Amino acid sequence: MGTGVGITAPFGRLLRGLRQSRRLTIEELAEASGISGRAIGDMERGRSRRPHRVTMRSTSGPPRPGPRWATPRWRRRTATTSPGRTGRAPAGTTTRWSRPRPHCASPGRPATSVSRRWAHAYLGWLRDTVDDLPAAADHYHRAAELFTEADDVNGYLQVSCGMIRVLRGAGRAQAAVETCRGIMDTLADARHRDRIPPNVREFTALSAVYSVSFVHLGEGRWEEAVDALWSIHGQFDDRGWHKQAGKVHLHLAHALARLGARAEAAAEYQAVLMLESRVPEDVRDEAHTGLTALTTGRPVPLIRFVQ
C-alpha cells in the first residue's frame, strides 16, 4: 500500500501513516479488526511497539471465509491461463467482474464501505507483521471480496498481490496459485484496459508472477516454476532491482538443474555471480554452491526459497 511513510520509520508512526493514508479513524479500524481502539492508540503513540501475538489471535474480528479458498469468486468462469506464461486470456473468455458501476465514493454509496475494505487490507498487513498469516490471509481475502463487489479493480489488484505470499506462508499453496490466476485474468480483461494505469498494470503482473514462482518452487513443481521465472526473466535486471533479479536467476538455475538442463542452469548461476555485491551474500553463496555442484557432476543441493 502506498503510504508516503518510509519503512524505516518507527512502528507507531508507520502505523498512524498507514491508517491516515486510507482516511480511517481509530474507531473504524478497531471495529473492522476486533482490536480495541485503545490498543491501536497505544501502538501509534509508541507505548506498545506492536500488538502481542496473543492479542492478535484472540480478537473476534470478522467471520473467516472458510472453504471458499479453493474457488475464489473472482476466478474466471471459463478457461484459465497459466500465470507463468504470458498472462493473456484466450479470446472470448470472460471474468466475473460485473459491468462498471458508480465509484464506491459516490453519493449513493456510503463512505463507510470504503473504510471497511481498506480496513481489512490494512489489518491483513498488520497481522502479517506479527506472523499471524492465517488471519492476515483472511483479512486480505475479505478485502479482495469487498473490492470486487465495489468494482474497484485497482484496490483488488493491490491486496491480491500481497495475498499470494501470505497464502503461501499459511500453507494454502493452491489458493495462492488461484489468486495469481485471478490477477492475470483481471489484467487481461479488455474492460479494464483504461481503468488500470500502465505502471500499475506492469508492476502488478511482475509482482504476482514473482510471488507465485515461490509457491511452485516450494511445492517442487519445477516445470511451472521455470515457466513463471522465464516469463519475468531480465525484467528486474532492467529496473535495477538487483536483489530480486539475483533470486530470479538463482531459482531459475535451481529449477532447471532439477529438470536436467545443466548447461542452462550453469548460465543462470553465472548470471547471479556477475551481479557481485549488488545481491546479498547468501544468494551469491547459493549460486556458487550450485555452480560448483554442476561443474563437478554432483547433484545440486536444495536451497531455501525465501522471497
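The values are calculated or read from the model by the stated rules, or taken from the named source; none is laboratory data. Note that the coordinates shown come from a computational prediction; the quantities given were computed from them, not determined experimentally. All Cβ positions, glycine included, derive from the backbone under ideal geometry; neighbour counts span all protein chains shown. Note: accessible area is taken over every heavy atom of the protein model, side chains too, but ligands, DNA and RNA are not part of it. Shrake-Rupley method; radii C 1.70, N 1.55, O 1.52, S 1.80 Å.
Annotations
- Test: residue in region 295-306 that is closer than 28 Å to T204 by Cα, modelled with pLDDT under 90 and among the β-branched types (V, I, T): yes
- Residues of region 126-178 satisfying the condition of being open to solvent by less than 20 Å² (accessible area, probe 1.4 Å), closer than 24 Å to E224 by Cα and of a type outside the set (G, A, S): L157, V159, M163, I164, V166, L167, V177, E178
- Residue-level check: of (1) at pLDDT 90 or above; (2) within 13 Å of the chain's Cα centre (by Cα); (3) open to solvent by less than 30 Å² (accessible area, probe 1.4 Å), R181 misses just (3).
- Residue check, R109 modelled with pLDDT under 90, surrounded by 24 or more Cβ atoms within 10 Å (Cβ to Cβ) and over 19 Å from F203 (Cβ atoms): no
- Scanning region 112-154 for residues that are over 18 Å from M43 (Cβ atoms), assigned to a helix (DSSP H, G or I) and small (G, A, S) yields S113, S115, A137, A143, A144.
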